[in-house]
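Notes to accompany the following structure.
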Amino acid sequence: MLNPLQKLNPKIWNDDVEQVPIRQGFGEGLLQAGIDNEKVVGLCADLTESTKMNLFADRFPKRFVQVGVAEQNLVTTASGMAAMGKIPFVSSYAMFSPGRNWEQIRTTITYNNVPVIIVGSHAGVSVGPDGGTHQAIEDIALMRVLPRMNVIAPCDSIEAKKATMALAKLGQPAYIRLAREKTPVITTEDTPFEIGKAQVFFSPDGLAHVGVIACGSLVHNAMRAAKKLEKEGIRVKVMNLATIKPLDVPAIVALAKETKAIVTVEEHQVAGGMGSAVAECLAKQFPVPIEFLGVQDEYGQSGTPLELVEHYGMGVKDIIAAIKKVMDRKN
Amino acid sequence: MLSDEKILELQTTANNIRMSIIEALLEAKSGHSAGPLGMADMFTYLYFHALRHDPQRPDWVERDRFVLSNGHICPVYYSTLAHAGYFPIAELKTLRKFGSRLQGHPHREWLPYVETSSGPLGAGLSQAVGMAISDKMDFGDTATRRIYAFLSDGELEEGNTWEGVMLAAKYKLHNLTVAVDYNNIQIEGYVENVMPLAPLAEKWRSFNWHVIEIDGNDFNAIDSAFEEAKTVFEKPTVILARTIPGKGVDFMEGDYHWHGVPPNAEQGKKALAELRTLGGKIKSEHQ
């Protein structure tokens, strides 16, 4: 059942659950952060509308910098502005930022230690028809390897709005990962959010057999899988790991201790991503069998988001199969 | 116009800075020689004349900002900061050593007197552009803090530099003054052979910058260029400063092999003797 403490959307299981792009939540969050603090500025590399930074840019044109199609310049200019006391948000597609400008992010943002927030939209294979060139499935790995970088992958638009507003107050380098497509709204305005805190969204009655840790829009698939397995008597706990760095180690270890079997689900290469972060933690703290769902060392292609998520093994049936497999492994 | 006394004072300071560069490199046993010596006059002019700063208050909000983009010439940056009073000159001998604030390339956390960390080339101009845009955002055309950036010619081969060039022109950053160390050397040879930049002035002009070409080892020329930059309101200014790599040490001057290596003990002794006597112009009390 839904964890009542999280005050989730009661319509989550319905066919008519609200569908909103995660990036929309970022746009609204940045607008609010801009209203709350005049130091917040926005920079964009010619993708203002698609990354939803237009909500901020239209309201605060003087605090918005259009750098053109130049992602290296995007982050280095932002670094200079942060050095002068601004709180810059820089947006583009995740494939280009942090895809193209990784070294500039490393040297001028994290090594330099200035509070720039990198907003990578259109992440994952669910970008769809644009194809493999535009599907960032390496960005979590690229960002979480950097010392000082905070990494957040919100599960829906409402969480993205809260995360954006929280990042504006963080005072540290950060990366926030957004998806293009409309996805189900899982949380509500009343759902708690805190950077660095994992949340259990779905809990069975009694101790869980398997823990599923998911991030981004795939949290919804994980919850649907858990709900379906309820009927088969398989008890699954689903954790929304919105903050991939810093990792909520106590929450992950507690889930592993309870279930002794973990499945991770992310729209990202399994190498170096969220699942890897979980594995690094558990290998040290409490080793248990883990199944990693995500893209398995290949590139994406054109298709509908649904086709692609299922083709690359991140659909509800794939999650169910992984849960059963990891149960077998622990027995 | 600088007075004759001021020029002599700057020349003396620059010479002391050059000696500190050699001494630091001798201790470090690695590092870059040619660029730092060539840019000693530009750094001296900046920190001992042009820049609004206060070594006693390094975090003074109203200070001008200086960005060194080609971080590898940091021996001249560190030596200048030490001679300006930011930290003891003796500390220069810790250059590149374990635990030293004087990292092989500058890091703003190790050494808070530098505004940015640099080393990987081509990223400094954009950071300076960000600083200048930030001030224009807050103060508009009345922005008075100047943002200075020093670049190398070699790093003009980086695409990131030209992205910053375009953005600075778009915002008509009158509060930004950039100087390029046009010494025509980089690690693998002469810049014009590795990747020709000429006609460099025309390139910058066509990107809507105000361009001034000078002898970067001549204080009068440096002064008039920096003063001229302050009078240009409608665009950012770049000073193409032709410098002699290895300036002041005869056997290093103009030779690209000195780009990325330090002198050995014997060469260092010779270099220091030459600097001490201003190339034989004065007798040193040590001889």
Residue within the range A:192-205 that is surrounded by fewer than 24 Cβ atoms within 10 Å (Cβ to Cβ), more than 13 Å from the chain's Cα centre (by Cα), of a type in the set (D, E) and closer than 30 Å to A:A82 by Cα present: yes
Just checking, which of A:L255, A:L247, A:L293 is part of a loop (DSSP other than H, G, I, E, B) and either touching an Asp or Glu at 6+ places or on another chain (Cβ under 9 Å) or buried (at least 21 other Cβ atoms within 10 Å of the Cβ) (or both)? A:L247
Check on A:Y299, more than 23 Å from A:I234 (Cα to Cα), in contact with a strand residue (DSSP E or B) (Cβ under 6 Å, 6 or more places away or on another chain), of a type outside the set (V, I, T) and not assigned by TED's automatic domain parsing to the domain that holds A:M95: no
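B:D153 - would you say it is within 17 Å of A:R63 (Cα to Cα) and either of a type in the set (D, E, K, R) or without any contact (Cβ under 8 Å) to a residue 24 or more places away in the chain (or both)? Quick ask: steps written out before the conclusion?
On the way: within 17 Å of A:R63 (Cα to Cα): no; either of a type in the set (D, E, K, R) or without any contact (Cβ under 8 Å) to a residue 24 or more places away in the chain (or both): yes.
The answer is no for B:D153.
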What helices (runs of 4 or more DSSP H) completely inside the range A:55-173 contain at least 3 residues that are more than 14 Å from chain B (Cβ to nearest Cβ) and touching a helix residue (DSSP H, G or I) at 6+ places or on another chain (Cβ under 8 Å)? A:139-144, A:157-168
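Per-residue answers, yes or no, for (1) of a type in the set (D, E); (2) closer than 14 Å to A:L167 by Cβ:
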{"site": "A:Q19", "(1), (2)": "no, no"}
{"site": "A:G25", "(1), (2)": "no, yes"}
{"site": "A:E49", "(1), (2)": "yes, no"}
{"site": "A:K62", "(1), (2)": "no, no"}
{"site": "A:V65", "(1), (2)": "no, no"}
{"site": "A:Q72", "(1), (2)": "no, no"}
{"site": "A:G85", "(1), (2)": "no, no"}
Reported set for the range A:174-191 where residues are outside any loop (DSSP other than H, G, I, E, B) and either crowded, with 21+ Cβ neighbours inside 10 Å or of a type outside the set (D, E, K, R) (or both) is A:A174, A:Y175, A:I176, A:R177, A:T183, A:P184
Could you check, for the range A:35-47, whether at least one of its residues is touching a strand residue (DSSP E or B) at 6+ places or on another chain (Cβ under 6 Å), assigned to a helix (DSSP H, G or I) and more than 13 Å from chain B (Cβ to nearest Cβ)? no
So the helices (runs of 4 or more DSSP H) completely within the range B:133-220 holding 2 or more residues that are at the interface with chain A (Cβ under 10 Å from one of its Cβ atoms) and either hydrophobic (A, V, I, L, M, F, W, C) or surrounded by fewer than 16 Cβ atoms within 10 Å (Cβ to Cβ) (or both) are B:159-170
Across the range B:245-264, what is the total count of residues that are farther than 18 Å from B:N193 by Cβ and either surrounded by fewer than 20 Cβ atoms within 10 Å (Cβ to Cβ) or hydroxyl-bearing (S, T, Y) (or both)? 5
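Conditions tested, residue by residue: (1) over 19 Å from B:R145 (Cα atoms); (2) of a type in the set (D, E, K, R); (3) away from chain A (no Cβ under 14 Å).
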| site | (1), (2), (3) |
| --- | --- |
| B:Y47 | no, no, yes |
| B:L68 | no, no, no |
| B:W110 | yes, no, no |
| B:E115 | no, yes, no |
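The values are calculated or read from the model by the stated rules, or taken from the named source; none is laboratory data. As the structure is a computational prediction, the values presented were derived from the model and not from experiment. Here Cβ is always computed from backbone atoms with ideal geometry, including for glycine, and neighbour counts include all displayed protein chains.
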